[in-house]
Number of protein chains: 4
Amino acid sequence: MTHTYPYFGVNFKVYPNTIGEGGLELAKTVERVHEETGANFVVTPQIPDLRLITSETDLTVSSPHVDPVSPGRGIGKVLPETLADAGIAGATINHAENRDTLTDIAKKIDRCNEVGLDSSVCVDSIEMGEAVAAFDPDALIYEKPEDISTDRAITTTHPERVERFVEMIESTNPRTKVLVGGGIRTAEHVRAAFELGADATGAASAISTADDPYERLTEIAGALPE
Amino acid sequence: MTHTYPYFGVNFKVYPNTIGEGGLELAKTVERVHEETGANFVVTPQIPDLRLITSETDLTVSSPHVDPVSPGRGIGKVLPETLADAGIAGATINHAENRDTLTDIAKKIDRCNEVGLDSSVCVDSIEMGEAVAAFDPDALIYEKPEDISTDRAITTTHPERVERFVEMIESTNPRTKVLVGGGIRTAEHVRAAFELGADATGAASAISTADDPYERLTEIAGALPE
Amino acid sequence: MTHTYPYFGVNFKVYPNTIGEGGLELAKTVERVHEETGANFVVTPQIPDLRLITSETDLTVSSPHVDPVSPGRGIGKVLPETLADAGIAGATINHAENRDTLTDIAKKIDRCNEVGLDSSVCVDSIEMGEAVAAFDPDALIYEKPEDISTDRAITTTHPERVERFVEMIESTNPRTKVLVGGGIRTAEHVRAAFELGADATGAASAISTADDPYERLTEIAGALPE
Amino acid sequence: MTHTYPYFGVNFKVYPNTIGEGGLELAKTVERVHEETGANFVVTPQIPDLRLITSETDLTVSSPHVDPVSPGRGIGKVLPETLADAGIAGATINHAENRDTLTDIAKKIDRCNEVGLDSSVCVDSIEMGEAVAAFDPDALIYEKPEDISTDRAITTTHPERVERFVEMIESTNPRTKVLVGGGIRTAEHVRAAFELGADATGAASAISTADDPYERLTEIAGALPE
């Protein structure tokens, strides 16, 4: 496992201010908050910018995508070996904006294991989490598609679901970490996530489109368990 | 139009020796042959390596993929703006290993135009080329999926098809350039492509898996029209 | 060409009252209006109900889907030969709720031709219509996805677009028929479609969810050119 | 659960002799063997032929496909309610020739439950079977894509895998039935499947392309447990 827990994940998606130098600046802000507070962060930049962030920061960097392919043919594919070579620590699988077949989820987890990438698989129900746990991923990201880009964090609206999700993992595959996402915007949301038993949480728009990401991240850093 | 014609394209796909430093070395070899011979080349590296190649070489660099998205949400997508920011000159659309819907082909060409990327759309028949010409792409890549990774270059097996393809473009959209691909391995194949009226040609496995890419590229450079 | 023009198409989609006997009742209503008014109709039932409608009515029946496959393997595929065997007259390709790759559009049109099915390909712009015209389909269905299931018929909101679409087809492939759809609900919409040069028009929700489909269809029948 | 176990499944796929009357003849042959031997069969015809088979035979009929949709929009979709209305007993999900996303597998199983269809989900590994078991499907179809249309039945080549698969289901979700498929051609294969603990087995090409399906089915009927 290449990620250090607990952590707060910052997902750049393809927000306009996360392109190239803009993304690097955001990553540098994350790094500064890490250095000032000691809080762990994982950043997920845009794919063409991954090497820029790994070469210019000491952050743990994850890829927003990976393909279930091996070296050879396959134009435009994101090869696990290339991510590992770029110093990437992990990859997101089955995101709500990019659903995978069950077959590809299994292959992607296998390929990540083979090259030393942490596999983090998105699921939106306890059953789906239990299903993916059968493949022994490093982490599950539990988030409801309808919460994404809102301020309706599941930690506030349905805390009991998070607790049940955490219990399910503890009883089926305790090695697998749990990240709670979707609508996480405030330090309160973050604190609640960890109190409910999550190992990590994170956000995309709440940071990437914040007026002052430094301030927002500093508040959040204070909500992470030591 | 950002590409200089005529040119020979070198597509890295995800061949094992094109990862990171391996890809950079291959790109440097291409650059050396360009400097020694004056022949134009376009390289298409792996997506996570695009910035590495644009920052370390003066080559024209194209992306093997682009998504039909705009800045905002969309995890793991390859944003046209990010490619442009990275100094990329163009993008491949509708490759045989990654087919696009008609709707996405139209959107991708539009988005490429908006950010100043050359759009090169793969097609495998004259009718399909005529269809895509309606969207006014910068280039069409005419290649048969069954020829890819073989030595059965269409320039040798069916030269008349290349001629008819070139005539079709000249009569419908003469602005659009024609690249012929699929099974191109030798200087003879390359020479034939240009004699048949192509504006460009290229290869993937023939270079990326060659014992001596420098030698192979130098031979090919000699076959490009001045 | 198996369809008789001009016609009004009634698309059942998967609306609840179009299942089995419900769909047959709706088809019988269409047939009754045809017999009373002489107006031509084409119905597009649900796939498992296609044979029910062809065996119990004399209507022209089209399939809402077809796959680009040939007899053999391919579980769950809708084989063109099976549609032809069931007395189906045509098939819808590339609907906005089910987009096809460019490659599959070409193959589907070819396969329809081979077995004697009319191919009707959905497009949402003049350029896309021009593109698909290169494959010589029997008909193009011009409709904007955003108009579907609304009452904003393009014939009212943007009549000039319909005129330009019709002109484009007349100059590129006059053999191909033009159906205008999306938000068509009233006799006025239908009359306008034909005045603008369309060969056919049609609706889904406006008929399938109408309180009195007989009344609605009778009004529309009066708006069809003789 | 609508299927009677043990059974032998006959999948028509889109083989040429299973179209319309050809498919009905094959189904009648299956029915005759059932009547003569008492062996249970489930047939999976082509989608446009489903009602033909349910109306003309007393066989248990399954659909080769179902879509994760509810009544309403959704052109060309196979609606669970329409299958139930047609007298269909179940549906195949996630077949190797038609892979589903994890999200769709979950939705399809739910929708099948809501309308009273047996859900049978294809998987190709024990882990994948364990994963899908989390959604409590009625049955899992364990078959390797590479065995399909061959004579390399997993019951012969890797009997221990079948045993482990059966054990896995017994310990995680004993309610779920296990069907073993892929390369099943002979009475020996069938006998082995049941001896290894399977609840059902089946074939496509071995029956659909047999010179004498009646003879083949009669032999197989003799291999089914009473």
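Values of log10 I(q)/I(0) for segment C:136-191 across q = 0.14, 0.22, 0.27, 0.31 Å⁻¹ run -0.37, -0.83, -1.07, -1.22, by the Debye formula with one identical scatterer at each alpha carbon and no solvent. Using a probe radius of 1.4 angstrom, the carbon and sulfur fraction of the accessible surface of segment A:1-82 is 43%. When the listed pairs C:Lys77/D:Lys108; D:Lys13/D:Lys108; A:Lys13/B:Lys177; A:Lys144/D:Lys144; C:Lys13/C:Lys108 are checked against a 28 Å cut-off, the alpha-carbon distance exceeds it for A:Lys13/B:Lys177; A:Lys144/D:Lys144. For the protein assembly as shown, the normalised intensity computed at q = 0.07, 0.08 Å⁻¹ comes to -0.64, -0.84 (log10 of I(q)/I(0), Debye sum over alpha carbons, equal scatterers, no solvent). For segment D:7-221, the percent of C-alpha pairs falling in each 5 Å distance bin, counted from 0 to the bin holding the largest distance, reads 1, 7, 16, 20, 21, 17, 11, 5, 1, 0. A helix-only calculation puts chain C at -11500 deg cm²/dmol for mean residue ellipticity at 222 nm, using -39500 (n - 2.57) for each DSSP H run of at least four residues, averaged over all residues. Among C:Gly202, C:Gly76, C:Gly20, which one shows the highest mean-square fluctuation when chain C is modelled as a Gaussian network with alpha-carbon springs under 10 Å? Largest GNM mean-square fluctuation: C:Gly76. Between C and A, which C residue has the Cβ nearest their rotation axis, distance in Å? Taking Cβ atoms only, the nearest residue and its distance are C:Arg99, 8. Across segment A:5-21, rounded Karplus estimates of 3J(HN,Hα) from the backbone phi angles (6.51 cos²θ - 1.76 cosθ + 1.60, θ = phi - 60°) give 9, x, 8, 10, x, 10, 9, 6, 6, 10, 4, x, 8, 10, 7, x, 4 Hz, Gly and Pro being marked x.
Please report the buried accessible area for the interface of A with D, total over both chains, probe 1.4 Å, in Å² to the nearest 100.
Numbers: alone 10080 and 10050 Å², together 18890 Å².
Summing both chains' loss of accessible area gives about 1200 Å².
Between copies, A:Glu219 shows label-point distances of 5.4, 6.5, 7.4 nm, shortest first, with the point placed 7 angstrom from Cα along Cα to C-beta. Taking chain D as a Gaussian network of alpha-carbon nodes connected by springs under 10 Å, the highest mean-square fluctuation of the residues D:Ser149, D:Ser208, D:Ser70 belongs to D:Ser70.
So what is the accessible area of the protein assembly as shown per residue, in Å², with the probe set to 1.4 Å?
On the way: 31500 Å² over 904 residues.
That works out to 35 Å² for each residue.
For B:Glu195, the distances from its label point to the matching points in the remaining copies are 6.2, 6.6, 7.9 nm, ordered from shortest, with each point set 7 Å beyond Cα toward Cβ.
Think of segment A:7-221 as having a plus end and a minus end, set by charges on the Cβ of Lys, Arg, Asp and Glu; of A:Thr44, A:Leu83, A:Thr155, A:Leu83 sits farthest toward the positive end of this dipole.
Residues in segment D:61-75 carry Karplus couplings, in order, of 10, 10, 9, x, 7, 8, 9, x, 10, 10, x, x, 6, x, 5 Hz; the curve used is 6.51 cos²θ - 1.76 cosθ + 1.60 with θ = phi - 60°, and Gly or Pro positions show x.
Each copy carries C:Thr37; placing its label point 7 Å along the C-beta direction from Cα gives inter-copy distances of 5.6, 6.7, 6.9 nm, listed from smallest up. Choose one answer from C:Thr60, C:Thr103, C:Thr176: the residue with the largest mean-square fluctuation in a GNM of chain C with alpha-carbon springs under 10 Å. In the Gaussian network model the winner is C:Thr103.
A simple rule links phi to the HN-Hα coupling: the Karplus curve 6.51 cos²θ - 1.76 cosθ + 1.60 with θ = phi - 60°, which for segment D:206-216 gives 4, 9, 5, 10, 6, 5, 9, x, 4, 5, 4 Hz, with x for Gly and Pro. Both the radius of gyration and Dmax for segment C:99-226 are 14.7, 42 Å, in that order, over alpha-carbon atoms.
Separation of segment C:200-225 and segment A:56-71 by C-alpha centroid, Å? Cα centroid of segment C:200-225 versus Cα centroid of segment A:56-71: 54 Å apart.
For segment A:33-72, list log₁₀ I(q)/I(0) at each q in 0.31 Å⁻¹, using the Debye formula over Cα point scatterers of equal strength and ignoring solvent, two decimals each. Scattering profile of segment A:33-72, log10 relative to I(0): -1.05.
If the viscosity is 1.306 mPa s and the temperature 10 °C, what translational diffusion coefficient in µm²/s does Stokes-Einstein give for segment B:18-84 when Rh comes from Kirkwood over Cα pairs? D = 123 µm²/s.
Expressed as a whole percent, the accessible area of segment A:123-226 that falls on carbon and sulfur atoms is 43 (1.4 Å probe). The Cα-based radius of gyration of segment D:173-226, divided by its Kirkwood radius, gives an Rg/Rh of 1.00.
The values are calculated or read from the model by the stated rules, or taken from the named source; none is laboratory data. Not measured: the values here are computed from a predicted model. Don't worry about glycine lacking a Cβ; one is built from the backbone with ideal geometry, like all the others, and counts go over all protein chains shown. Quick note on the areas: whole protein, heavy atoms, side chains included, nothing else; ligands and nucleic acids left out. Shrake-Rupley method; radii C 1.70, N 1.55, O 1.52, S 1.80 Å.
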